């Protein structure tokens, strides 16, 4: 029982760190080192699930307690939320969920809180009808999103906001990208079927395959041989929309972890790709992916806003700008975004995007193309950004995109979270005559 209790406590510590501003993925990775391999999946489930529903669970806890816990009891607060998540969102038997969560108070060094935790969780069981009524009447409970984010999404997408909110709270699918130069998608689907792995082809990404159920990559046929990668189908569109010819130079700006870089190289032989990112640490992932897939690119560490520090002076035929953004289109994969992001972040990111877009535009050849990409659903980061850019650059021309995916904003296409993640794409060309 002690090992199981430590899993609940480990989850509570991760949740507390996230609420204090840390990344869920990084914090979870560190915490996983403290528990046994057999408990890794449970820890991930408790952490991601509690963070995904944190706003609602926290409102429930306020309703269930006569007075709030003291500010210093953050881990205890998180532990109770982990308990509530188990009761209402997992198949863990209620007696086990309550018993193990209560037991974790001893490991936490707060045995005095055993009765408190037990009382709150059992009260939640008894008062589930009241909690349901609260959920129906309270926006934070109903959406499991902070009010500012719900209001912003409602204002931005009045006809789509409910779909966006619902999808943000769902588990995302696991999608693969097959290297079609090594194996066809149909052949790989057959290999998955032979391995008793159920999957279907993507309707929008030509090399995409979505698994019916996520599995470790080590169980995927031929993964170690470099014939496939894990990449969402919305993200795979970038490799399709940048369409270089042999001998052309492409800048992949803000490229880490390198999925789009590798996709371009898989599809187009004889191209020269410069993969730029400002983080040496994140560029390690790019190099690892290039090596695993047996691909080659020039990897550059530098600030996209300061090309004079890294640019070789030769203009690019194509630029892929995967702009830093709020990541509000990938909340289902990174639920901590709901807790970490603020309205001020959106404005600051829009300024940063404008700076990068303006500086990189001067590196593009006449007649070349720039593909602007975000994993955001915020108009000020997307269509409004492009609208402002076009208004101030008379040599920039908006190019049409395929109409079989996404929503036409007038300045690019917005994909809402659903079969794929929430992405925005806008393709600009640089006039050859000015």
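I'd like to know if the stretch 418-425 contains one or more residues that are within 26 Å of residue 158 (Cα to Cα) and part of a helix (DSSP H, G or I).
no
For residue 92, state whether it is farther than 20 Å from residue 72 by Cβ and either outside the structural domain of residue 8 (by TED's automatic domain parsing) or not in a helix (DSSP H, G or I) (or both).
In short, yes.
What pairs come out if I take residues in the stretch 155-169 that are under 15 Å from residue 143 (Cα atoms) and pair them with residues that are in a helix (DSSP H, G or I) whose C-beta lies under 6 Å away, six or more apart or interchain?
161/153; 161/154; 164/153; 165/143
Under the condition of being under 14 Å from residue 370 (Cα atoms) and not in a strand (DSSP E or B), which residue from the stretch 388-417 is farthest from the chain's Cα centre (by Cα)?
My answer is 395.
Please determine whether any residue of the stretch 314-321 is assigned by TED's automatic domain parsing to the domain that holds residue 370 and surrounded by fewer than 18 Cβ atoms within 10 Å (Cβ to Cβ).
Taking every residue of the stretch 314-321 in turn, at least one turns out to be assigned by TED's automatic domain parsing to the domain that holds residue 370 and surrounded by fewer than 18 Cβ atoms within 10 Å (Cβ to Cβ).
For the stretch 16-31, indicate whether the set of residues that are touching a helix residue (DSSP H, G or I) at 6+ places or on another chain (Cβ under 6 Å), modelled with pLDDT under 95 and surrounded by 13 or more Cβ atoms within 10 Å (Cβ to Cβ) is non-empty.
Yes, because at least one residue in the stretch 16-31 is touching a helix residue (DSSP H, G or I) at 6+ places or on another chain (Cβ under 6 Å), modelled with pLDDT under 95 and surrounded by 13 or more Cβ atoms within 10 Å (Cβ to Cβ).
Just give me the residues in the stretch 292-331 being closer than 30 Å to residue 182 by Cβ and part of a loop (DSSP other than H, G, I, E, B), in sequence order.
293, 294, 295, 296, 297, 329, 330
Against the definition (touching a strand residue (DSSP E or B) at 6+ places or on another chain (Cβ under 7 Å), modelled with pLDDT of 95 or more, within 29 Å of residue 314 (Cβ to Cβ) and surrounded by 24 or more Cβ atoms within 10 Å (Cβ to Cβ)), how does residue 232 come out, yes or no?
no
Let me spell it out: the conditions are (1) at pLDDT below 95; (2) under 23 Å from the mean Cα position of the chain (by Cα), and residue 432 meets all of them except one. Which number is the exception?
Result: residue 432 fails condition (2) only.
Would you tally the residues in the stretch 360-382 being over 15 Å from residue 343 (Cα atoms), touching a strand residue (DSSP E or B) at 6+ places or on another chain (Cβ under 9 Å) and not in a strand (DSSP E or B)?
Selection size over the stretch 360-382: 5.
Kindly evaluate residue 138 against the criterion of being without any contact (Cβ under 8 Å) to a residue 24 or more places away in the chain, in contact with a helix residue (DSSP H, G or I) (Cβ under 7 Å, 6 or more places away or on another chain) and either outside the structural domain of residue 221 (by TED's automatic domain parsing) or farther than 23 Å from residue 58 by Cβ (or both).
Judged against the criteria, residue 138 is not a match.
Determine whether the stretch 97-110 contains at least one residue that is free of Cβ contacts under 8 Å to residues at least 60 places away in the same chain, in contact with a strand residue (DSSP E or B) (Cβ under 9 Å, 6 or more places away or on another chain) and not in a helix (DSSP H, G or I).
Looking for residues that are free of Cβ contacts under 8 Å to residues at least 60 places away in the same chain, in contact with a strand residue (DSSP E or B) (Cβ under 9 Å, 6 or more places away or on another chain) and not in a helix (DSSP H, G or I), one finds none in the stretch 97-110, hence no.
Need the failing condition index for residue 276 against (1) closer than 20 Å to residue 312 by Cα; (2) surrounded by fewer than 16 Cβ atoms within 10 Å (Cβ to Cβ), just the number.
Every listed condition holds for residue 276 apart from (2).
Right, residue 121: buried (at least 17 other Cβ atoms within 10 Å of the Cβ), under 33 Å from the mean Cα position of the chain (by Cα) and closer than 16 Å to residue 50 by Cα or not?
yes
Restricting attention to the stretch 214-235, which residues are over 12 Å from residue 177 (Cβ atoms) and in a helix (DSSP H, G or I)?
217, 218, 219, 224, 225
If you take the residues in the stretch 405-415 that are in contact (Cβ under 8 Å) with a residue 60 or more places away in the chain and surrounded by fewer than 21 Cβ atoms within 10 Å (Cβ to Cβ), which one is farthest from residue 376 (Cα to Cα)?
Step by step, filter the stretch 405-415, then rank; the result is 405.
Does residue 216 fit the bill of being in contact (Cβ under 8 Å) with a residue 12 or more places away in the chain and within 24 Å of residue 286 (Cα to Cα)?
no
Residues to consider are 183, 153, 209, 165; find the one that is in contact with a helix residue (DSSP H, G or I) (Cβ under 9 Å, 6 or more places away or on another chain), assigned to a strand (DSSP E or B) and surrounded by 13 or more Cβ atoms within 10 Å (Cβ to Cβ).
Only one candidate passes the filter, namely 209.
Determine whether the stretch 279-291 contains at least one residue that is outside any helix (DSSP H, G or I) and crowded, with 16+ Cβ neighbours inside 10 Å.
no
The values are calculated or read from the model by the stated rules, or taken from the named source; none is laboratory data. Treat the numbers as computed from the prediction; the structure is a model and nothing was measured. For neighbour counting, all protein chains shown are included, and Cβ atoms are generated from backbone atoms with ideal geometry for every residue, glycine included.
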